[in-house]
Each structure stands twice: as structure tokens, then as C-alpha cells.
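Working notes for the structure below.
The values are calculated or read from the model by the stated rules, or taken from the named source; none is laboratory data. All of these numbers come straight from a predicted model, not from anything done at the bench. In this analysis, Cβ positions are derived from the backbone assuming ideal geometry, glycine residues included, and neighbour counts consider all displayed protein chains.
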């Protein structure tokens with residue numbers, strides 16, 4: 001699975017959990033998924049920008065509330081997909097997270113990392129699924145079209161850059 005160029009943040013104050021999840025995701029998606037870890041919402045918010053694709057955010061961050069961090073992330077980059085991770089099974093907490101912009105809510109436990117992996121895979125493959133669903137093309141044609149489009153954009157940008165450099169000489 002090509003995940004080149006995706007930035008994923010893990011924000012949790014439990015260092016052991018962060019290390020385990022980071023290693024698990026690295027083994028699942030490979031080195032092209034750039035994973036950054038932060039012990040607090042405050043430290044993560046200093047790095048969130050338009051290139052932040054996915055954030056796995058703990059609901060309880062010591063003195064910080066995860067939903068407050070979530071709102072700040074969404075103000076900085078509304079396109080960032082935020083997966084709330086919590087030991088709290090209260091439906092009200094999950095609903096509050098969704099209202100504030102969470103993509104999903106995962107309860108910590110035996111199957112949490114597997115569920116997170118599934119959510120990330122869905123986020124990554126969303127463009128392919130849209131082409132398949134809306135235009136009825138096969139999965140392989142959709143992948144080809146998206147690859148062709150990406151390469152076309154890269155070639156066009158390179159040519160434009162080269163023309164600009166030639167004109168400025």
C-alpha cells in the first residue's frame with residue numbers, strides 16, 4: 001500500500017502505549033507513513049499544519065482534554081482526520097468527539113490497534129473507493145487513474161518549474 005507522503009501524529013501521555021502503537025503501525029504500513037509522537041496536545045499543536053493528515057489523539061492527556069486539542073487541530077487544518085482513542089466507553093464522550101470533528105472514536109483494548117489500522121486504511125483508500133462507487137470502474141482501473149493523474153500533476157509541475165527557471169535566466 002502506497003502511503004508515501006502521509007504524516008500521522010500519535011498524541012498520548014502514555015509512553016509505553018505510544019511506542020507500541022508506533023511500532024505496530026510502522027510494521028503494518030511501512031516506513032513511508034511518517035509517524036510522529038507527542039506526549040501532550042500542546043506539543044502536537046506546535047507541529048500541526050496543512051501537511052498533517054491523520055492524528056491519533058488520546059481523550060485524556062493529563063491536564064488537557066482531548067476534545068479541546070481536537071478543536072484546535074481542526075482550526076489549524078480542517079482536513080486532518082482525527083481518531084480519538086480513549087479508555088472511556090461512555091457514548092456521550094464519543095458523541096462529543098464526533099461533534100467536535102473526530103473522524104472516529106476507538107476504545108482502548110485488545111482490538112483497538114487493529115481497528116485503528118482499519119480506519120487508517122479506509123482514509124488512505126478513500127479516493128479509490130469513491131471512483132469505484134461513483135463511476136463503477138474496477139479497483140485496478142481506479143488505482144491506475146489515480147496514479148496516472150498524480151504522475152501527470154508531477155510532470156506538469158516540473159515542466160512549469162523548468163519553464164520558469166529558463167525564463168528567469
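Worth a mention:
- When residue 159 is tested against the conditions (1) more than 19 Å from the chain's Cα centre (by Cα); (2) assigned by TED's automatic domain parsing to the domain that holds residue 14; (3) more than 26 Å from residue 17 (Cβ to Cβ), the lone failure is (2).
- Verdict on residue 72 being over 30 Å from residue 140 (Cβ atoms), modelled with pLDDT of 90 or more, in contact with a strand residue (DSSP E or B) (Cβ under 9 Å, 6 or more places away or on another chain) and not assigned by TED's automatic domain parsing to the domain that holds residue 147: no
- Any helices (runs of 4 or more DSSP H) falling wholly within the stretch 31-122 and containing at least 3 residues that are under 11 Å from the mean Cα position of the chain (by Cα): none
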